Amino acid sequence: MERKPEIYLFGQILGTHSFLLRDGFLQPDEYAEIKEQYFLPGGETGTAATVLDSLGVPIRMDGTWIGTEVAPMLKGFYSGRSVDLSRLHFVDDDPGVMDYVVIAGLVRSPMGRFQTLFASGRRWWNVPAEEDLDGCRAAAIDPFFFSETLRAAEICRRRGIPYVTIDSRHDSDLHRYAAVNVVSKECTSEHYAGMVPEDIMKLMQAETDGLTIITQGAGDMLYARKGEEIRRMKPFSVEVKSTLGAGDTYKAGCVYGLLKGMSDSEMVRFASACSAIAVSRFPLPLHPPTLGEVQALLARDE
């Protein structure tokens with residue numbers, strides 16, 4: 001019996017070509033041996049969908065238009081999974097949005113044509129519809145798609161559906177109305193250069209009643225709400241095989257925590273465990289964390 005979606009995801013859905021190198025990262029004018037390579041679903045929303053499905057939650061995802069090269073892979077991958085693709089728009093005149101990621105342990109380098117796509121002046125993603133969220137109790141919204149992003153947030157707000165977002169500035173509506181905003185080290189480096197994480201958190205806290213989480217890779221996570229003292233949590237210690245998808249998995253963990261009514265500390269810890277398992281394996285889409293694995297890691301480090 002088909003399960004109805006409980007979570008709505010809106011954002012980047014890609015075909016990701018990933019290359020895991022054998023002997024360290026690329027060096028100029030030197031040969032590099034490819035150990036493993038794959039073409040699998042990626043993007044912030046695509047990865048989150050894979051992880052949430054593995055955690056046992058049915059979802060509906062929407063966002064990027066899907067082209068002719070990405071479509072067969074995407075449909076085949078999600079066949080038999082609890083991921084509703086019915087809202088996706090499939091085009092027949094373009095290969096689709098793809099990226100290429102070279103990986104060696106803690107280091108990775110993504111490549112693509114996103115700057116060209118965004119500069120093209122045309123929309124290459126869907127417009128969220130009210131009925132897309134029917135039956136959903138939580139959501140995640142990527143911050144990339146301008147008015148369509150804000151429309152998804154407004155639908156959630158109007159319907160009382162809490163949502164998780166990522167890397168949204170303190171002065172944005174997406175942050176202001178989010179239940180959770182997960183802010184990465186890449187975001188703070190770009191938008192808050194020269195500021196210490198504690199001062200960035202204070203800016204974030206002042207603008208929302210939701211939870212702000214600042215992640216710092218292997219460094220402590222900071223999290224707090226308006227008027228609270230800033231709390232810290234160390235990430236789980238694991239052997240890293242690939243960091244590709246770590247942040248997207250963390251986001252998925254927060255969505256799961258939101259759906260299950262976890263406390264802030266429980267959610268941060270659960271999401272961190274999800275992410276730790278993700279970085280310990282490659283490729284993530286073929287080996288996403290399961291609920292049992294996450295629970296075992298949480299129990300081990302109590």
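The values are calculated or read from the model by the stated rules, or taken from the named source; none is laboratory data. Please read all numbers here as calculations on a predicted model, not as lab measurements. All Cβ positions, glycine included, derive from the backbone under ideal geometry; neighbour counts span all protein chains shown.
Are there any pairs with C-beta distances below 8 angstrom linking a residue in segment 104-128 that is within 18 Å of GLY42 (Cα to Cα) to a residue that is assigned to a helix (DSSP H, G or I), with the two at least 6 apart or on different chains, and if so which?
Cβ pairs passing all conditions: TRP124/LEU117; TRP125/GLU148; ASN126/GLU148.
For segment 45-76, what are the residues that are in contact with a helix residue (DSSP H, G or I) (Cβ under 7 Å, 6 or more places away or on another chain) and more than 13 Å from LEU284 (Cα to Cα)? Working first, answer last.
Step one: filter segment 45-76 for residues in contact with a helix residue (DSSP H, G or I) (Cβ under 7 Å, 6 or more places away or on another chain), giving 47-48, 50-52, 55-57, 59-64, 66.
Passing the criteria: LEU55, GLY56, VAL57, ILE59, ARG60, MET61, ASP62, GLY63, THR64, ILE66.
Can you tell me which residue among SER272, SER263 is surrounded by 15 or more Cβ atoms within 10 Å (Cβ to Cβ) and of a type in the set (Ser, Thr, Tyr)? Reasoning before the result, please.
On the way: SER263 fails: surrounded by 15 or more Cβ atoms within 10 Å (Cβ to Cβ).
Among SER272, SER263, only SER272 is surrounded by 15 or more Cβ atoms within 10 Å (Cβ to Cβ) and of a type in the set (Ser, Thr, Tyr).
Give segment 218-242 a look and list any residue that's small (Gly, Ala, Ser) and part of a loop (DSSP other than H, G, I, E, B), or say none.
ALA218, GLY227, SER237 - these are the residues of segment 218-242 that are small (Gly, Ala, Ser) and part of a loop (DSSP other than H, G, I, E, B).
Given the conditions (1) of a type outside the set (Val, Ile, Thr); (2) part of a loop (DSSP other than H, G, I, E, B); (3) surrounded by 24 or more Cβ atoms within 10 Å (Cβ to Cβ), which single one is not true for ALA48?
Looking at each condition in turn, ALA48 falls short on (2).
Which count do you get for residues in segment 101-138 that are surrounded by 15 or more Cβ atoms within 10 Å (Cβ to Cβ), in contact with a strand residue (DSSP E or B) (Cβ under 7 Å, 6 or more places away or on another chain) and in a strand (DSSP E or B)?
Final tally of qualifying residues: 7.
Residue-by-condition table, conditions (1) within 14 Å of ALA140 (Cβ to Cβ); (2) buried (at least 22 other Cβ atoms within 10 Å of the Cβ); (3) in contact with a Lys or Arg (Cβ under 7 Å, 6 or more places away or on another chain); (4) charged (D, E, K, R):
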residue: ASP23; (1), (2), (3), (4): no, no, no, yes
residue: PRO28; (1), (2), (3), (4): no, no, no, no
residue: TYR38; (1), (2), (3), (4): no, no, no, no
residue: LEU52; (1), (2), (3), (4): yes, yes, no, no
residue: GLY56; (1), (2), (3), (4): no, no, no, no
residue: ILE66; (1), (2), (3), (4): no, yes, no, no
residue: LEU88; (1), (2), (3), (4): no, no, no, no
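Does MET73 count as modelled with pLDDT of 95 or more and farther than 26 Å from ALA152 by Cα? Don't jump to the end; show me each part of the working.
Values: modelled with pLDDT of 95 or more: yes; farther than 26 Å from ALA152 by Cα: yes.
Judged against the criteria, MET73 is a match.
In segment 139-165, what residues are aromatic (Phe, Trp, Tyr) and either out of contact with any helix residue (DSSP H, G or I) (no Cβ under 8 Å at 6 or more places or on another chain) or in a loop (DSSP other than H, G, I, E, B) (or both)? Full working, then the answer.
Narrowing segment 139-165 to residues aromatic (Phe, Trp, Tyr): 144-146, 163.
Of everything in segment 139-165, those that are aromatic (Phe, Trp, Tyr) and either out of contact with any helix residue (DSSP H, G or I) (no Cβ under 8 Å at 6 or more places or on another chain) or in a loop (DSSP other than H, G, I, E, B) (or both) turn out to be PHE144, PHE145, PHE146.
List every residue pair whose Cβ atoms lie under 8 Å apart, where the two residues are 6 or more positions apart in sequence or sit on different chains, the first residue falls within segment 12-41 and is touching a residue at least 12 places away in the same chain (Cβ under 8 Å) and part of a strand (DSSP E or B), and the second residue, located anywhere, is exposed (fewer than 13 other Cβ atoms within 10 Å of the Cβ) and among the acidic types (Asp, Glu).
Correct list of pairs: LEU21/GLU33.
So how many residues does segment 166-188 have that are surrounded by fewer than 17 Cβ atoms within 10 Å (Cβ to Cβ) and either modelled with pLDDT under 95 or assigned to a strand (DSSP E or B) (or both)?
2
Just the residues that are assigned to a loop (DSSP other than H, G, I, E, B), over 12 Å from THR249 (Cβ atoms) and among the hydrophobic types (A, V, I, L, M, F, W, C), please, taken from segment 51-61. Write out each step before concluding.
Step one: of segment 51-61, the residues assigned to a loop (DSSP other than H, G, I, E, B) are 55-58.
Then keep just the ones that are over 12 Å from THR249 (Cβ atoms); that gives 56-58.
Within segment 51-61, VAL57 is the sole residue that qualifies.
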